[in-house]
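The values are calculated or read from the model by the stated rules, or taken from the named source; none is laboratory data. These figures come from a predicted structure and were not determined experimentally. Here the Cβ is made from the backbone with ideal geometry for all residues, glycine too, and neighbour counts use every protein chain on show. In case anyone asks, the SASA skips ligands and DNA or RNA and just uses the protein heavy atoms, side chains included. Shrake-Rupley method; radii C 1.70, N 1.55, O 1.52, S 1.80 Å.
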Amino acid sequence: MTHKFPHLCSPITIAGRTFSNRMFSAPMGGTDISNDGCIGPKSTAFYELRAKGGAAAVTVSECMVHPETDGSHAYHLDTTVLNSLAAATYTADAISRHGAAASLELSHSGMYAGTYMTDKSRQHEMCQWGASDTVRADGVKVKALSKEQIKDIVASYGKVAGLAKRAGFEMIMIHGGHGWLINQFLSPYFNHRTDEYGGSLENRCRLAGEILDAVREAVGPAFPIEFRMSGSELFQGGYDLEEGVRIAMQLESKIDLLHVSAGTYQRGFGDTHPSMFKEHGCNVYLAAEIKKHVSIPVATLGGLNDPAQMEEIIASGKADVVYMARALLADPFLPRKVMENRDEDIVRCLRCFTCMAERAATSTRRCTVNPLIGRELEGDEVQPAPVKKKVLVAGGGPGGLYAAWTAARRGHQVILCEKEEELGGILKSEIAIPFKKEMYQLTETYARFARQSGVEIRLGCEVTPEYVEKEAPDALIIAVGSRPLVPPIPGIKGENVIIVNDLYKNQDRVAEKVAVMGGGLAGCECAIHLGMEGKEVHLIEMRDELAVDANVRHRPLLLKEIEKYVQVHTGCKVEEVTKEGVRCKDKEGKEQMIGSETVICALGQRGRTDVVETLRNSAPFVRVIGDARKVSTITNAVYQGYHAALDI
């Protein structure tokens, strides 16, 4: 077979272990972690799906090696804990039985231990230990590790690595980046020691070297050891790329695969996990530069989801391996699709951070575009329905399309009707905003899946009670979405006003001076886009805070972009729109005129409940999903659409 992406699909041998391709699943934390650090069955299934999807290696993350000084946010591997070794063994087996190499990431949080502890009751009871005495930004005191403690931690890395090998893991990743303990010793910002572990670069690398030696002694030769490092810490006072190169050269003799990431979790989350505001592959340059100076294979990552880009990275010699995390949540089968020349069927990650925000909020995992994520134990294959039925889906947005596709896969006769002349619902508007192009592409992907599965799509076709009566379906899924909220503000229907949903059709009408009414997520992202285009943008919000509907991971990064590109007016109520701009009134009743030539109305959405009520009792089975049910997110629309189809 001739591969469309031959370099990406080629095998690679590292320390005697041959990997089937160059696409590896990056470390991602589990969810159902027990208080004593055991891997839960939901997490095992989570990792297994990455292996089933064709990743050549799947990294289980993170295993904290020294609970005495690190009660942090993930797994432990300890024979004194009932089920610990067994849970790890079942997980390694679940990965390797699909042909992937099971890898375990070993880590220690250092001064940030306890930040995300499983046992929340201990969060402020235990000491925080780091390279040097200091005080964290949140006021928690940090004590410098003694040499005796360092020796014990080094030994624990070796002990846990040996147990991981015993459990069936075929590779070990040592986490030396992102601001955790090893990084704290490597970094001149964190490390102010005056003994042999501080000062010179050689001394700051000493802990990493001792850990790598201990792991090698435990696992033996011909067993891949991967070292994960930040190519640059990317903040003032931290080490830069030039010093990152020297760190890599200092340690390379002890490493089989050098994994180059970026930044520190606590000081640069958006660097470590590139957001939609950054270019895909924005951190690849770090690996590419380091690879010039070392003789071992180098891995890279950073918002990668396009096989053509990843092929170029491997083919041009920037890296030998590409890692993906969020991309394999959106589509766990991405590697298999690449290997089978089906790259057009890849569901692209939106980089919306729903996955990480959900974990922070509820300790579970979700993905906007993939309703299976976090629910892998329920099965990843849609089962045929025992009785084939006729299903009518009203609405061609993401929820409706996913419902139609799922119902068709179950063997039902499915008709999807969209009253507009194009599919996508509210996602149609995303074509106007380049950093959200994956959201627009999502419609094309879901529509292709639906058509390939036999869904009959009727455009320009509104579903009414009479239409339902004529078609006589067994089931009706109402996915009619929402409409823009346009309050009766004087002047809001003027020629200088554009509804944010219609921006994609009116980009040529947007002048150089713009006022955006509404500081929710849609208004903020629109304002950022217009600011990036070089326009003078004013954002008007009645509340005191912006983007309160954004998730906890996306919002801080979004607000940083707002600071760069937008002039903000919070606590301002719009009184009138005129040709000169927007007249507002602040909380004290003081009026001000915000001059603008174009006004964007982004004041929210309202569900089409009137349509829902006319259709609610028109079929034996009726389910309302998405914004028609409650104005919410793409995540909920897709999830509800999937399960509505499963219930028929």
Are there any pairs, at least 6 apart or on different chains, whose C-beta atoms fall under 6 Å, with the first in the stretch 199-219 and more than 14 Å from A155 (Cα to Cα) and the second among the basic types (K, R) and surrounded by 15 or more Cβ atoms within 10 Å (Cβ to Cβ), and if so, which?
L201/R246
Considering the stretch 545-583 alone, what residues qualify as being open to solvent by 20 Å² or more (accessible area, probe 1.4 Å), under 15 Å from L603 (Cα atoms) and outside any strand (DSSP E or B)?
E545, V548, D549
If I ask for residues that are hydroxyl-bearing (S, T, Y) and assigned to a helix (DSSP H, G or I), which ones from the stretch 183-205 would you list?
none
Please identify the pairs in which a residue from the stretch 504-524 that is more than 15 Å from C584 (Cβ to Cβ) has its Cβ atom under 6 Å from the Cβ atom of a residue that is among the acidic types (D, E), counting only partners at least 6 apart or on another chain.
A511/E597; K513/E536; K513/E597; G520/D549; L521/D549
Does the stretch 496-504 contain at least one residue that is crowded, with 16+ Cβ neighbours inside 10 Å, more than 29 Å from the chain's Cα centre (by Cα) and not β-branched (V, I, T)?
yes
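Quick check, is K337 under 24 Å from V638 (Cβ atoms), open to solvent by less than 30 Å² (accessible area, probe 1.4 Å) and basic (K, R)? Spell out how you get there, then give the answer.
Numbers: under 24 Å from V638 (Cβ atoms): yes; open to solvent by less than 30 Å² (accessible area, probe 1.4 Å): yes; basic (K, R): yes.
It is true that K337 is under 24 Å from V638 (Cβ atoms), open to solvent by less than 30 Å² (accessible area, probe 1.4 Å) and basic (K, R).
Have a look at I648, I594 and point out the one that is open to solvent by less than 40 Å² (accessible area, probe 1.4 Å), in contact (Cβ under 8 Å) with a residue 12 or more places away in the chain, touching a His at 6+ places or on another chain (Cβ under 8 Å) and over 25 Å from C524 (Cα atoms). Before the answer, list the steps.
Values: I594 fails: over 25 Å from C524 (Cα atoms).
Being open to solvent by less than 40 Å² (accessible area, probe 1.4 Å), in contact (Cβ under 8 Å) with a residue 12 or more places away in the chain, touching a His at 6+ places or on another chain (Cβ under 8 Å) and over 25 Å from C524 (Cα atoms) holds for just one of I648, I594, which is I648.
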Search result, residues across the stretch 236-269 that are in contact (Cβ under 8 Å) with a residue 12 or more places away in the chain and among the polar types (S, T, N, Q)
Q250, S261, T264, Q266
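Residue-wise test of (1) open to solvent by less than 10 Å² (accessible area, probe 1.4 Å); (2) modelled with pLDDT under 95.
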| residue | (1), (2) |
| --- | --- |
| E242 | no, no |
| M249 | no, no |
| L258 | yes, no |
| A262 | yes, no |
| D271 | no, yes |
| E289 | no, no |
| H293 | no, no |
| D306 | no, no |
What pairs come up if the first residue lies in the stretch 419-446 and is on the phi < 0 side of the Ramachandran plot, the second is among the small types (G, A, S) and not in a loop (DSSP other than H, G, I, E, B), and their beta carbons are under 6 Å apart, counting only those six or more places apart or on different chains?
L423/A447
Test set (1) open to solvent by 10 Å² or more (accessible area, probe 1.4 Å); (2) out of contact with any Asp or Glu (no Cβ under 7 Å at 6 or more places or on another chain); (3) under 19 Å from T362 (Cα atoms); (4) not acidic (D, E) - K42 fails condition number:
(2)
Condition first: crowded, with 20+ Cβ neighbours inside 10 Å, part of a loop (DSSP other than H, G, I, E, B) and in contact with a Gly (Cβ under 7 Å, 6 or more places away or on another chain). Now tell me which residues in the stretch 206-233 satisfy that.
G231, S232, E233
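Looking only at the stretch 25-38, count how many residues are more than 19 Å from G53 (Cβ to Cβ) and either open to solvent by less than 20 Å² (accessible area, probe 1.4 Å) or outside any loop (DSSP other than H, G, I, E, B) (or both). Show your work before the answer.
Taking the stretch 25-38 as the starting set, the residues that turn out to be more than 19 Å from G53 (Cβ to Cβ) are 32-38.
From what's left, either open to solvent by less than 20 Å² (accessible area, probe 1.4 Å) or outside any loop (DSSP other than H, G, I, E, B) (or both): 37-38.
Going through the stretch 25-38 one residue at a time, the tally reaches 2.
Which one of these is under 24 Å from Y157 (Cβ atoms) and open to solvent by 10 Å² or more (accessible area, probe 1.4 Å): R17, R22?
Numbers: R22 fails: under 24 Å from Y157 (Cβ atoms).
When all the criteria are applied, what remains is R17.
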Hey, any hits in the stretch 437-457 for a residue that's open to solvent by less than 60 Å² (accessible area, probe 1.4 Å), in contact with a strand residue (DSSP E or B) (Cβ under 6 Å, 6 or more places away or on another chain) and not in a strand (DSSP E or B)?
yes
Name the residue that is modelled with the highest pLDDT, counting only residues in the stretch 76-128 that are assigned to a loop (DSSP other than H, G, I, E, B), touching a Gly at 6+ places or on another chain (Cβ under 7 Å) and among the polar types (S, T, N, Q).
Q123
So which residues in the stretch 9-46 are more than 30 Å from I313 (Cβ to Cβ) and β-branched (V, I, T), if there are any at all?
T31, I33, I39, T44
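If you go through the stretch 309-317 one residue at a time, do you hit one that is part of a helix (DSSP H, G or I) and free of Cβ contacts under 8 Å to residues at least 24 places away in the same chain?
Applying the first criterion (part of a helix (DSSP H, G or I)) to the stretch 309-317 yields 309-315.
Still in the list and also free of Cβ contacts under 8 Å to residues at least 24 places away in the same chain: 312.
Yes, the stretch 309-317 contains at least one residue that is part of a helix (DSSP H, G or I) and free of Cβ contacts under 8 Å to residues at least 24 places away in the same chain.
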Give the residue that is nearest to E444 (Cα to Cα), with candidates limited to residues of the stretch 321-334 that are open to solvent by 20 Å² or more (accessible area, probe 1.4 Å) and of a type outside the set (G, A, S).
F333
Here the qualifying pairs (Cβ atoms under 8 Å; residues six or more apart or on different chains; first in the stretch 547-561 and closer than 19 Å to Y265 by Cβ; second β-branched (V, I, T)) come out as N551/T354; L558/I528
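So, G411, is that one in contact with a Pro (Cβ under 9 Å, 6 or more places away or on another chain), at pLDDT 95 or above and in a loop (DSSP other than H, G, I, E, B) or not? Talk me through it step by step, then tell me what you get.
On the way: in contact with a Pro (Cβ under 9 Å, 6 or more places away or on another chain): yes; at pLDDT 95 or above: yes; in a loop (DSSP other than H, G, I, E, B): yes.
Considered against the rule, which asks whether it is in contact with a Pro (Cβ under 9 Å, 6 or more places away or on another chain), at pLDDT 95 or above and in a loop (DSSP other than H, G, I, E, B), G411 comes out as yes.
Here is a yes/no grid of residues against (1) outside any loop (DSSP other than H, G, I, E, B); (2) among the β-branched types (V, I, T); (3) over 16 Å from the mean Cα position of the chain (by Cα):
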residue: V245; (1), (2), (3): yes, yes, yes
residue: L258; (1), (2), (3): yes, no, yes
residue: K278; (1), (2), (3): no, no, no
residue: A319; (1), (2), (3): no, no, yes
Taking the stretch 129-153 and keeping residues in a strand (DSSP E or B) and open to solvent by 40 Å² or more (accessible area, probe 1.4 Å) leaves W129, T134, V135, K141, K143
